[in-house]
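Shown next, in structure tokens, is the structure this report addresses.
The values are calculated or read from the model by the stated rules, or taken from the named source; none is laboratory data. Bear in mind the structure is a predicted one, so any value in this text is a computation, not a measurement. With ideal geometry, Cβ positions are generated from the backbone for all residues, glycine too; neighbour counts draw on all protein chains shown.
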């Protein structure tokens, strides 16, 4: 079967490009948001912000970014930090592999590049966790290099500008948009142009209700001229997250709680959490958990089904049954994947949100019992 080719795109003329650049950059100079990573052109700060902004909203990122930069102000500080401290500083942002990759790349920058974020496209693209967009953003914003930076916002904007009806989830479409973007970037302000393009997508050319009447480049937008801006971009619908029944244990023993570290590969890799295991729909969750704990030498005096919580990851939907248990015997020679921790020391650990939900459920039960106890006495 012959491979479908991209629809032909008419190359933009010089006058159109010049008009678009002037309108877009003029608008950006007037309305650009005052964001902490825009205070200077430090490549490390821009790098950290771009990694945090992946799959996370700007307003959410700002307080995390400020705390993270206070704790790890330079790339060397990050490279030399304890991994658990880095993960704790990232707690709440999710997608923890981003933090691990960021630290691994920081170590490589210190070891191979003297602590200076490389300005060469090939070198920066070899760093862990840095893809084409992130490389382009750092190189253009920090080093003012004429490099495309095509993220979701940019793909949406440019699909409308050029009435591109190709699926933007395809790699080939991204490459086409990178070529078009490169043709538009001015020699004198590449970083500002890329940021202006992202800003336009975030504030004006939004997915559902684009503010076309107030758009600074409405005259240059071909989709608006045709009245089809709401139909673009073309994007293949993602599959809904697959449901995964889970059992999670809130296991206590003399004021301590049992923690388990997730495997180094896969979902929530290397993170500390509560003992967890997948179950088949018909399996008894209490029996499944007690059998698992017994195999570790941990036996329970009682078990209570606390309830259920749900958490959605990008490809999975955990349907979690939370069980509380009081351990009467504990194996002293547990593997490094398990750890007993005092309840008042749990805050020192970084837990994924799904475990925070389970812990809140357990805490609600404790609070209710305390309230009942108070009324009795």
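Can you tell me which of (1) over 17 Å from residue 122 (Cα atoms); (2) part of a helix (DSSP H, G or I); (3) under 25 Å from the mean Cα position of the chain (by Cα) is the one residue 140 doesn't meet?
The number of the failed condition is (1).
Residues 25, 102: which one is touching a helix residue (DSSP H, G or I) at 6+ places or on another chain (Cβ under 8 Å), in contact (Cβ under 8 Å) with a residue 60 or more places away in the chain and in the same structural domain as residue 157 (by TED's automatic domain parsing)? Break it down into steps so the answer makes sense when it comes.
Numbers: 102 fails: in contact (Cβ under 8 Å) with a residue 60 or more places away in the chain.
Being touching a helix residue (DSSP H, G or I) at 6+ places or on another chain (Cβ under 8 Å), in contact (Cβ under 8 Å) with a residue 60 or more places away in the chain and in the same structural domain as residue 157 (by TED's automatic domain parsing) holds for just one of 25, 102, which is 25.
When you scan region 165-184, how many residues do you find that are in contact (Cβ under 8 Å) with a residue 40 or more places away in the chain and within 19 Å of residue 215 (Cα to Cα)?
Within region 165-184, residues that are in contact (Cβ under 8 Å) with a residue 40 or more places away in the chain and within 19 Å of residue 215 (Cα to Cα) number 1.
Does region 263-301 hold any residues that are in a strand (DSSP E or B), touching a helix residue (DSSP H, G or I) at 6+ places or on another chain (Cβ under 7 Å), under 14 Å from residue 338 (Cβ atoms) and touching a residue at least 40 places away in the same chain (Cβ under 8 Å), and which are they?
273
Please specify each residue of region 30-41 satisfying the condition of being part of a loop (DSSP other than H, G, I, E, B), surrounded by 13 or more Cβ atoms within 10 Å (Cβ to Cβ) and free of Cβ contacts under 8 Å to residues at least 60 places away in the same chain.
Answer for region 30-41, where residues must be part of a loop (DSSP other than H, G, I, E, B), surrounded by 13 or more Cβ atoms within 10 Å (Cβ to Cβ) and free of Cβ contacts under 8 Å to residues at least 60 places away in the same chain: just 35.
Just need a number here: residues in region 204-249 that are touching a helix residue (DSSP H, G or I) at 6+ places or on another chain (Cβ under 7 Å), in a loop (DSSP other than H, G, I, E, B) and surrounded by fewer than 21 Cβ atoms within 10 Å (Cβ to Cβ).
Total meeting the criteria: 6.
Can you name the residue in region 312-327 that is surrounded by fewer than 19 Cβ atoms within 10 Å (Cβ to Cβ) and closer than 27 Å to residue 93 by Cβ and is also modelled with the lowest pLDDT among such residues?
Here the answer is 314.
Is it true that some residue in region 119-127 is buried (at least 19 other Cβ atoms within 10 Å of the Cβ), farther than 15 Å from residue 50 by Cβ, more than 17 Å from the chain's Cα centre (by Cα) and modelled with pLDDT of 95 or more? Quick ask: steps written out before the conclusion?
First, pick out the residues of region 119-127 that are buried (at least 19 other Cβ atoms within 10 Å of the Cβ): 124, 127.
Pick out the ones that are also farther than 15 Å from residue 50 by Cβ and you get none.
Scanning region 119-127 turns up no residue that is buried (at least 19 other Cβ atoms within 10 Å of the Cβ), farther than 15 Å from residue 50 by Cβ, more than 17 Å from the chain's Cα centre (by Cα) and modelled with pLDDT of 95 or more.
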